Structure formats: structure tokens, C-alpha cells
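Here is the structure we will look at, set down as C-alpha cells.
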Amino acid sequence: MVDVVDKVTRSQMMAGIRSKDTKPERAIRKALHSAGYRYRLHASDLPGTPDLLFPKYKAAVLVHGCFWHRHRGCWWCTYPSTNQEFWGAKFDQNVRRDVQNVADLKRLGWRVAIIWECALRVRGLGEVSLAIGKWLEGRSKTLVLPGEDEMRRSSNPS
């Protein structure tokens, strides 16, 4: 399939994609700050540069976009139809790096939460921020908020 825009336009579009301060990340930050939680942003001294770091709780929150971090089974985890070899290698590298970063954070004693972009779309900001708050206050080591695919599977036990 041929791209619908020229190479220069596509390059500008891709350059505009943020790795920090994304809309989902900003929304979660605002909600948690309003709830009284204080955090560090983008801790570059830790593996994966966690989006939110809660030193008081020894907890790191990673806000993952479904497309870039390959949220399996998710509606928003599409695959480009052009240059598939490049994209396949890129996505594989992203997933391997994510797995390694989570393992490294845990090895350093950090609790890790992964918030998928689709969890915000499906569950809503209120439910997501409440779940993060309960996780921070609790003892659980890991939190992965179910997005669309997990919610569908859990409500349809076939």
C-alpha cells in the first residue's frame, strides 16, 4: 500500500510524536497530583526513564502507547502496511527494551505499574487514577491496568 502523504510530510508527522509529556501521561499526572500524590518526572537515572516516579512508595509508573509499545490484541496496536521489515525490527526492539527495563527496575527494588493508553480510553481517567492510587497505597509489586482486550476477555469467559 502506498503512503497517503509524501515523505517530507510523513517525516514531519513522525517528528511530532512525543516520547515525554504525552496527553495520556499529562492527564494521569494531573489527576494524581489533584489526589495529593507527589512524584518525579522522567527519572533519567533509572532504567527506561519512568514517566512518573513515586520515591515515597518506591514505585515507578510507565505510561505506554499501544502502538509504539505493542499492546497485544489492542485495537490501537496497528501495523504499518509499508516498510514492514523496518517496523517489525523497530517494534521488536521496543518490546524487548520494555521487558528489560521493567526487569531492571524490579531488580533495583522498584514496584512497577504499566498503564496502557487504551485503559484511559476504555476505563476513563477517574478509574485509572483511582486504581493507581490504590496500588501506590498497597503492597502489590506490579500493576498492569487492563485495556480493551483484557476487559473484553474477562467479561466474556468463553
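The values are calculated or read from the model by the stated rules, or taken from the named source; none is laboratory data. The shown structure was predicted, so the numbers you read here are calculated from the model rather than taken from an experiment. No Cβ is skipped: glycine too gets one built from the backbone with ideal geometry, and neighbour counts run over all protein chains shown.
A few remarks follow.
Here is a yes/no grid of residues against (1) surrounded by 12 or more Cβ atoms within 10 Å (Cβ to Cβ); (2) of a type in the set (S, T, N, Q); (3) in contact with a helix residue (DSSP H, G or I) (Cβ under 8 Å, 6 or more places away or on another chain); (4) without any contact (Cβ under 8 Å) to a residue 60 or more places away in the chain:
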{"site": "D45", "(1), (2), (3), (4)": "no, no, no, yes"}
{"site": "T49", "(1), (2), (3), (4)": "yes, yes, no, yes"}
{"site": "A59", "(1), (2), (3), (4)": "yes, no, yes, no"}
{"site": "G73", "(1), (2), (3), (4)": "yes, no, yes, no"}
{"site": "N83", "(1), (2), (3), (4)": "no, yes, no, yes"}
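- Number of residues in segment 126-154 that are crowded, with 17+ Cβ neighbours inside 10 Å, modelled with pLDDT of 90 or more and not in a helix (DSSP H, G or I) equals 1.
- Any hit, segment 86-93, residues being over 20 Å from G109 (Cβ atoms) and among the acidic types (D, E): yes
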